[in-house]
1. Check off (1) modelled with pLDDT of 95 or more; (2) loosely packed, with under 12 Cβ neighbours inside 10 Å for residue B:47 and give me the number that stays unchecked.
2. For residue B:56, all conditions in the list (1) within 24 Å of residue A:49 (Cα to Cα); (2) in contact with a strand residue (DSSP E or B) (Cβ under 7 Å, 6 or more places away or on another chain) hold save one; what is the number of the exception?
3. When you go through (1) under 23 Å from residue B:36 (Cβ atoms); (2) within 14 Å of chain B (Cβ to nearest Cβ); (3) without any contact (Cβ under 8 Å) to a residue 40 or more places away in the chain one by one for residue A:51, which number turns out not to apply?
4. How many residues, within segment A:82-102, are under 24 Å from residue B:33 (Cβ atoms) and surrounded by 21 or more Cβ atoms within 10 Å (Cβ to Cβ)?
5. Do we find that residue B:31 is within 23 Å of residue A:92 (Cα to Cα), under 14 Å from the mean Cα position of the chain (by Cα), surrounded by 12 or more Cβ atoms within 10 Å (Cβ to Cβ) and within 14 Å of another protein chain (Cβ to nearest Cβ) in this structure?
6. Residues that are under 12 Å from the mean Cα position of the chain (by Cα), within 12 Å of another protein chain (Cβ to nearest Cβ) and either within 30 Å of residue A:54 (Cα to Cα) or surrounded by 12 or more Cβ atoms within 10 Å (Cβ to Cβ) (or both): does segment B:65-85 have at least one?
7. Any residue in segment A:59-81 that is surrounded by fewer than 19 Cβ atoms within 10 Å (Cβ to Cβ) and facing another protein chain (nearest Cβ under 10 Å)?
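The values are calculated or read from the model by the stated rules, or taken from the named source; none is laboratory data. From a predicted model like this one, the values you see are computed outputs, not experimental measurements. Neighbour counts run over all protein chains shown; Cβ positions are idealised from the backbone, glycine included.
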């Protein structure tokens with residue numbers, strides 16, 4: 001089945017450690033996104049990528065890093081510089097066309113807890 | 001930078017009441033507009049979308065939204081809500097140029113039976 005897979009679903013890490021969240025899609029979508037969802041704050045864009053080997057910062061990129069070496073993969077690293085990393089992280093992808101593209105399709109999310 | 005505002009953070013309605021959730025965005029260029037819903041414990045689902053054409057778009061479960069370009073608005077409506085509409089609703093805007101997809105802060109709707 002086509003879709004977006006985020007792993008793991010739950011992740012626990014000690015403070016000061018970097019952690020990488022996985023996001024894979026087999027929809028052949030060009031664009032991929034990472035969001036952070038906190039209660040009462042909606043979805044805030046961390047990074048997004050329109051094509052392979054290219055990505056742009058979103059509204060809250062500080063303390064995060066990404067890579068886009070393959071079209072189907074867009075891993076997010078939460079670094080020790082992120083001051084409040086405990087959150088629910090959502091990955092999404094969409095198809096880009098000259099007419100604008102499709103809606104974004106979302107993964108099931110990863111809940112990261114830093115202790 | 002583009003931004004999306006949802007003015008109502010919490011809405012409580014009784015069943016059969018009409019619903020309108022506000023959404024305004026700031027971006028001067030061509031945009032695509034979306035409403036997503038997140039039911040408790042579930043993934044985000046697309047309710048409806050606007051790319052071009054008729055500014056009144058109909059989505060799933062009886063929802064509709066109207067794009068008013070002059071007001072930079074894309075309000076969500078439903079004539080008669082049901083208890084099963086209890087969820088959080090998100091408006092989103094994507095600029096056609098850069099493909100950046102920005103969400104509003106969400107509106108939590110509670111429908112009392």
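1. (2) is the only condition that residue B:47 fails.
2. Evaluating residue B:56 over (1) within 24 Å of residue A:49 (Cα to Cα); (2) in contact with a strand residue (DSSP E or B) (Cβ under 7 Å, 6 or more places away or on another chain) leaves (1) as the failure.
3. (1)
4. 5
5. On the way: within 23 Å of residue A:92 (Cα to Cα): yes; under 14 Å from the mean Cα position of the chain (by Cα): no; surrounded by 12 or more Cβ atoms within 10 Å (Cβ to Cβ): yes; within 14 Å of another protein chain (Cβ to nearest Cβ): yes.
Criteria not met by residue B:31.
6. Here is the first cut: in segment B:65-85, the ones under 12 Å from the mean Cα position of the chain (by Cα) are B:65-67, B:73-78.
Retained after the next criterion (residues that are within 12 Å of another protein chain (Cβ to nearest Cβ)): none.
Within segment B:65-85, not a single residue is under 12 Å from the mean Cα position of the chain (by Cα), within 12 Å of another protein chain (Cβ to nearest Cβ) and either within 30 Å of residue A:54 (Cα to Cα) or surrounded by 12 or more Cβ atoms within 10 Å (Cβ to Cβ) (or both).
7. yes
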